Amino acid sequence: MAHSTKISQSSVLVAESSPIVIANIKILLREIGFSDRLIHIAKDVRSIVSLAKKTRIDTIICDYHFDERRNGKQIIEELRENNFIQKSCSIVMLTADTSGGVVKSILDLDPDEYLVKPYSLFELKRRVARTYKRKQEMSHLYQLSKKATVKEIQQAFDSALDLMPDYAGHIHRLKGYTFVKRGDYVAAARHYHQCLRKQPRHWAICGLAESLIALNELEQAESMVQSWLSSGKDQNAKRYMNY
């Protein structure tokens, strides 16, 4: 069984400017089981970075327009690029802006959840609890050693699929991501091909395209993406690619 941290021992970072929203989020986080002393509120980007440097953050709830100079996507990317947050950290993005550019930016970041304001507190509570639980139960997969062989990675993910079938889509997605981040594009392309044969998903087509580009198979990647978009199989992917 995957190792997981007790929710009462997990830290949450809330990047939000509205006092009312902050108060409501703190209430629902306590209801989920987070400890009040581990619920951190950030009022500027400097506070976010400073906190992430010295504290292990397990969940981040961030308003997309939290900062005037950098949006939520840029803030999270900075934390990831500098290894200030773990791969298993849950990211929940909030936004009241549904313009094309913002939607594309959020989809490009690929947060675990994102909600459009106004949202119900019940729905926010449900999604925060759901993504936290999933990330914790899958935490051992995020922590696979860079020295692990393709066979060892395969065995780890096969075992996870047996133990957590409800997370199958997330496990397959993480497996492809793991191969890509390791630079093993041949294994990644093979995996994404298998995923697409079972059930078409925009993350699989994007991952396969990224792998083919890395392997210098540019024409194949372009042809595949264009074929996918023209098929209309995934309207969310089509909307994302058209922005």
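The values are calculated or read from the model by the stated rules, or taken from the named source; none is laboratory data. Note that the coordinates shown come from a computational prediction; the quantities given were computed from them, not determined experimentally. Neighbour counts are summed over all protein chains in view; Cβ atoms, including those assigned to glycine, are modelled from backbone coordinates with ideal geometry. In case anyone asks, the SASA skips ligands and DNA or RNA and just uses the protein heavy atoms, side chains included. Shrake-Rupley method; radii C 1.70, N 1.55, O 1.52, S 1.80 Å.
Tally time: how many residues in segment 169-183 are farther than 14 Å from Cys195 by Cα and either touching a residue at least 60 places away in the same chain (Cβ under 8 Å) or in contact with a Leu (Cβ under 8 Å, 6 or more places away or on another chain) (or both)?
Selection size over segment 169-183: 1.
Yes or no, residue by residue, for (1) under 14 Å from the mean Cα position of the chain (by Cα); (2) under 20 Å from Ser17 (Cα atoms):
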| position | (1), (2) |
| --- | --- |
| Ala52 | no, yes |
| Ile61 | yes, yes |
| Arg80 | yes, no |
| Ile85 | yes, no |
| Leu94 | yes, yes |
| Leu109 | yes, no |
| Lys117 | no, yes |
| Ser120 | no, yes |
| Ser139 | yes, no |
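Which residue, of Tyr132, Tyr119, is among the aromatic types (Phe, Trp, Tyr) and either buried (at least 16 other Cβ atoms within 10 Å of the Cβ) or touching a Phe, Trp or Tyr at 6+ places or on another chain (Cβ under 9 Å) (or both)?
Sole residue among the options that is among the aromatic types (Phe, Trp, Tyr) and either buried (at least 16 other Cβ atoms within 10 Å of the Cβ) or touching a Phe, Trp or Tyr at 6+ places or on another chain (Cβ under 9 Å) (or both): Tyr132.
Counting only residues that are more than 23 Å from Asp110 (Cα to Cα) and open to solvent by 40 Å² or more (accessible area, probe 1.4 Å), give me the helices (runs of 4 or more DSSP H) lying completely in segment 135-187 with at least 3 of them.
Once the helices (runs of 4 or more DSSP H) in segment 135-187 are filtered for at least 3 residues that are more than 23 Å from Asp110 (Cα to Cα) and open to solvent by 40 Å² or more (accessible area, probe 1.4 Å), what remains is 150-163.
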